[in-house]
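Below is one structure, written out as structure tokens; the observations come after it.
The values are calculated or read from the model by the stated rules, or taken from the named source; none is laboratory data. Here the structure is a predicted model, which means the values were calculated and not measured. Positions of Cβ are generated from backbone atoms using ideal geometry, with glycine treated the same way; all protein chains shown enter the neighbour counts. Note: accessible area is taken over every heavy atom of the protein model, side chains too, but ligands, DNA and RNA are not part of it. Shrake-Rupley method; radii C 1.70, N 1.55, O 1.52, S 1.80 Å.
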Amino acid sequence: MNSLTSIPVEPNDVFPDVPGMIDACFSVAEFDLQGRLVRANANFLSLTGYNEDEVLAQHHSMFLSDDVLDAPEYGLCWVDLKGGKTKRVVLPWVTKSGQRKWVEENVGPVKDCNGNVVRIIRLGTDVTERHESLADLQGKVDAIEHSQAVIEFDTEGNILTANYNFLVAMGYSLSEVVGKHHSMFVDPEYAASTEYRAFWRSLAKGSNRACHLRRFGKDGREVWFEASYSPVCGPDGNVCKIVKVANDITDQVTSLTGFKTAIEAGCGEADQSVGKIDQSHDDISQAWRKAYARLEVSTMVGARLVGSVDETTQRLTELRSVADQAFDHAIESDCAIAALEEAVDALRDCACEDPAMIEQINILEKRIDENARISSTVRTDINLMRSRVAVVSLAVTEQGEITNQISGELCSVQTALGSSEGAFQEMVKAAEDVSAILGQIREASGILAR
């Protein structure tokens, strides 16, 4: 395999092994002034995937992609190289298999003893992994730059730079903030506090901080950020700057604040309503207890009344039976008086003219007449009593029906009150549940507000 032999080595060169060291460390290729490959070392062939016969006398362009060849810079680069200038570039090379590899190249002319450019030599290093890593990192940085508010500080809190998103959120231009201290964005009282100074000391020592922050823009308006402060270390491992990456959440905080205010107002009104409900429950419960007590008394009185009516009905029935018996006896008495009158008439016929007997018969006749009169009066009174008993019995019967109906209605009312008591208890429980839910809503709104 050819080594790099185009670099002349003078007899008095104090570093005779330099070409060999270069050949071992780099992928080396030598081109003529037309760009055709003259020599290539093993590292170059390994990098491109070709063997020597496939690349000798081939143009430099076979290793590059079309987008590189079509760029104006490609032709100008060869002009500069032929003119004796050197170049340092990072180019995407295309291997034999079509794989793209990124190569960091140092390209320069080789001159003869007269100072004329006779060859172009390139020393390359495969930096594909580093380039892709840097590209990935740069892509992430670009994404952050486009979507986040970013500002950088030195370890003392002085502003180094800020991106567009941050400047727009705060209302400043870059020239208005560079060189100023971070304290220009915070409340003066907080800026003068030991807590604020401790915050920057911890960042300078390498601590990370992530939090929700209230800041003040150029016009004094509140700006809220969801931010993280991240120390950046230099090559020596020491913190060299602080980078703050943030999301502007002012609109969300404003919405949440309004939401919290609305919830608190609604909860206040709901509390008043619940208080009124509780008071109504107390009033209803108190009225229910009074009604229930009165109902118990009424039920007891009604029960007694029903018992009294039943007893009265029984006594009237007994009285009517006695009256009927008395009336029957009165009729029997009338029959007996009639029989006595017939007997007196018979005695009178038998008395002849005996004055003593006639006198006794007259006395007996008077007694019979008196008994007949009394019997007639008794019968009349008994008839009147029977009539009155019938009326009273009818009234008592009707009263009994009404009393029974009242008693039944009182039992229904008692049942309804018992049911209503359960309903009132459920209403009270529902009101308590409403109060508990309002408390949870308040707690949730407080969490959201934070």
*Among what's in the stretch 146-176 and is in contact with a Phe, Trp or Tyr (Cβ under 8 Å, 6 or more places away or on another chain) and open to solvent by 50 Å² or more (accessible area, probe 1.4 Å), pick the residue that is nearest to residue 47 (Cα to Cα).*
160
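Criterion first (of a type in the set (Gly, Ala, Ser) and touching a helix residue (DSSP H, G or I) at 6+ places or on another chain (Cβ under 6 Å)) does residue 149 satisfy it?
Values: of a type in the set (Gly, Ala, Ser): yes; touching a helix residue (DSSP H, G or I) at 6+ places or on another chain (Cβ under 6 Å): yes.
So residue 149 passes the test.
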*asked:* Condition (residue is under 18 Å from residue 27 (Cα atoms), of a type in the set (Lys, Arg) and surrounded by 14 or more Cβ atoms within 10 Å (Cβ to Cβ)) applied to the stretch 87-99: is it met by at least one residue?
replied: yes
_Can you find a residue that is outside any helix (DSSP H, G or I) and open to solvent by less than 60 Å² (accessible area, probe 1.4 Å) anywhere in the stretch 125-138?_
yes
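Any residue in the stretch 102-118 that is open to solvent by 80 Å² or more (accessible area, probe 1.4 Å) and under 20 Å from residue 230 (Cβ atoms)? Full working, then the answer.
As a first pass, look at the stretch 102-118 and keep what is open to solvent by 80 Å² or more (accessible area, probe 1.4 Å): 111, 113-114, 116.
With the extra rule that they be under 20 Å from residue 230 (Cβ atoms), the set shrinks to none.
No, the stretch 102-118 contains no residue that is open to solvent by 80 Å² or more (accessible area, probe 1.4 Å) and under 20 Å from residue 230 (Cβ atoms).
Might you let me know whether the stretch 81-90 holds any residue that is touching a residue at least 12 places away in the same chain (Cβ under 8 Å), out of contact with any His (no Cβ under 9 Å at 6 or more places or on another chain) and in a helix (DSSP H, G or I)? Let's see the steps before the verdict.
In the first step, residues of the stretch 81-90 are kept if they are touching a residue at least 12 places away in the same chain (Cβ under 8 Å); the result is 81-90.
Filter once more, so that each one left must be out of contact with any His (no Cβ under 9 Å at 6 or more places or on another chain): 81-89.
From what is left, the residues that are in a helix (DSSP H, G or I) are 81-82.
Scanning the stretch 81-90 turns up at least one residue that is touching a residue at least 12 places away in the same chain (Cβ under 8 Å), out of contact with any His (no Cβ under 9 Å at 6 or more places or on another chain) and in a helix (DSSP H, G or I).
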*So which residues in the stretch 186-217 are open to solvent by 30 Å² or more (accessible area, probe 1.4 Å), part of a strand (DSSP E or B) and of a type in the set (Lys, Arg), if there are any at all?*
209, 214
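Matching residues to (1) more than 24 Å from residue 190 (Cα to Cα); (2) open to solvent by 50 Å² or more (accessible area, probe 1.4 Å):
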site	(1), (2)
219	no, yes
225	no, no
229	no, no
234	yes, no
257	no, yes
